[in-house]
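In what follows, a structure is listed as structure tokens, so that the remarks can point back to it.
No value in this document is a laboratory result; all are computed from the given coordinates. From a predicted model like this one, the values you see are computed outputs, not experimental measurements. In this analysis, Cβ positions are derived from the backbone assuming ideal geometry, glycine residues included, and neighbour counts consider all displayed protein chains.
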Amino acid sequence: MHAWEAVQKSVDYVEENIKEELSIEELAKVSFLSMYYFQKLFSRLVGKTVNEYIKARRVANAKPLLKSTNRRIADIAVEYGFNSHEAFTKAFKEIYSVTPETYRKNDLLLTDFLKPDLSIYYTLVDEGVPLMVDDMVLEVNQQALEQTEYYTGFSKQVDAREMNKVGVNALIELWDEFHEKKDTIPNLLTDGLEIDYFTTDATPGKVQYFVGGSSDDQKSEGFTQFGIEPGTFYVCTFEAENFEYLVEDALYKANNYFFETWLPRHGIGMDDMEPFLIQKYVNVTDEPKIEIWIKPTKELVGK
């Protein structure tokens, strides 16, 4: 058994018994590891200590009940292993930077620390070979773009940490602005693709974030226009059964696999002059699908 498989057993066990009392000794036995090596491997592979992870997943599992029910927060807290309202509130605020009461009363999108599928970091597929992970199908291919694609929308400078931040998701604000005002953008194409992208910014620790839709090549005053120039791209396509899972879970996992596993282990670098992350929302209804596009360095195209 590989180390990641042993730790995955404990991760799965935590999720299956999230409301029960859990101990490091118990999880080490599930993983067939000594307590010392279990804790060491867990922190290395999952990115949190065992107790930090259990707390984060308990809070994440309890969070939907704050919106879907009128149950007392104290009762929800006890159900998910917290001994008091105060303990749950402290953990919730530590993870999301807001209290459970604030979340319940406001329309906030909070990004969770997800249950990992460690296999995605240790499975390397060739181009055009689908990979099934959890409830998504992922595939990487090269695609040639023959002519410039234009997109019009909104952009703003954001903290680079927002890209993978757990808690309040400031990026959704730009999506909200785009959807509120898209009918006022004169050059948008009917039923065109929607995209977002990140590119580097002159300010250290900042990136430029863009959200928009397919448009013609005419610029619209008051809006930002972005063009994807012709060339050869590596495209990571992934799909899931529903859009909510696609953007809240699969998007994070696909980006991690593409940028941290697939590209580096195939020896593929990215063109520094290009946006370093383009995401196309190809389908958001039937068989929801997203494509992640990157332009590789010229010398590596076709490898």
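Details
- Global geometry of the stretch 154-263, whether rounded, prolate or oblate, following the gyration tensor of its Cα atoms and the 1.5 cut on a/c: rounded
- With both residues required to sit in the stretch 169-272, DSSP beta bridges show an antiparallel share near 100%.
- Reported label for calculated Rg and Dmax of the Cα atoms in Å given [x] 20.0, 66; [y] 17.1, 48; [z] 21.2, 64: [z]
- Its DSSP H runs of at least 4 residues, each contributing -39,500 (n - 2.57), put the calculated 222 nm mean residue ellipticity of the chain at -9000 deg cm²/dmol, to the nearest 500.
- The packing ranking, built from the mean of other Cβ atoms within 10 Å per residue, places the peptides 50-57, 176-183, 125-132 in the order 50-57, 176-183, 125-132, highest first.
- Choice from ASN187, ASN83, ASN283 with maximal GNM fluctuation in the chain (Cα, 10 Å cutoff): ASN83
- Gain on full stretching of the segment that runs from LYS48 to LYS67 - 0.36 nm per residue minus C-alpha separation: 4.1 nm
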